[in-house]
Ligand SMILES: [Zn+2]
């Protein structure tokens with residue numbers, strides 16, 4: 001299978017290190033078969049790698065949408081590609097303020113309605129499935145309470161009947177710790193879990209609030225070196241950057257982000273796939289303990305920046 005090649009200008013983003021999450025919850029790093037990975041190729045040559053799980057289109061640990069939605073998303077992204085070439089459309093865009101590893105409808109068809117991808121007033125409504133054990137529910141509750149205590153701009157509010165909400169549901173993929181959509185999708189969107197450390201739960205919550213992986217930042221090449229030769233076949237797209245005039249990085253690069261891949265994510269040969277620069281140790285990236293202070297600040301900035309309109 002052909003894998004996507006890195007290109008700094010490319011807007012297709014990809015995602016997290018499955019093996020990293022696996023490591024963080026103590027599960028064996030079972031390697032996915034490359035043939036399970038499908039590739040969507042766009043008219044401009046960009047590629048998007050994904051797989052299908054329970055009717056969901058998944059790129060690494062990010063739920064992109066449902067199988068039913070997928071063709072519409074591809075069409076929408078092709079429209080965006082055309083609009084990008086229209087200078088008038090470009091001028092009508094309002095770039096996001098602040099940062100983030102976030103906000104990029106332009107970057108990818110992860111977003112079909114970009115202006116709605118943040119939760120209104122910073123309120124994320126949620127429910128928790130009864131399939132979780134009491135202990136698991138407690139772990140989720142601890143992650144939620146810690147978030148609500150520290151993140152002032154985005155709050156999780158238990159409202160199991162809300163029409164638009166995050167539903168904490170059990171992950172069915174034996175090889176994954178969890179999956180989540182990025183940002184607000186509308187309707188009931190799943191946040192799937194089967195690992196319950198605070199860092200893993202808050203990592204997926206970070207996606208649901210709108211965060212991408214830290215090493216997807218446009219400025220990441222100043223801070224890390226991607227070792228392309230060590231990435232297993234079919235997964236190089238997970239190391240793409242999010243760059244473009246509608247994409248912003250929030251604050252300074254954060255090696256200690258709970259959203260950062262670990263050094264060995266998607267390694268084919270046991271060697272690092274991400275090597276920090278500036279004398280930073282390999283072990284300094286990929287923590288899954290909890291939201292870092294920088295993550296908290298990025299979330300607050302993202303939600304203080306107001307509504308962003310695209311096209
Ligand atoms: Zn992730």
Residue 131-residue 42 FRET efficiency (beta carbon distance; Förster radius 30 Å; 0.05 resolution): 0.20
Using the basic label-point model (7 angstrom from Cα toward the beta carbon), what is the residue 155 to residue 228 distance in nanometres? 4.7
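Computed from the coordinates by the stated procedures, all read-outs in this text should not be read as laboratory data. If you're wondering where the values come from, they're calculated on a predicted model, not measured in any experiment. Note: ideal-geometry Cβ built from the backbone for every residue, glycine included; neighbour counts use all protein chains shown.
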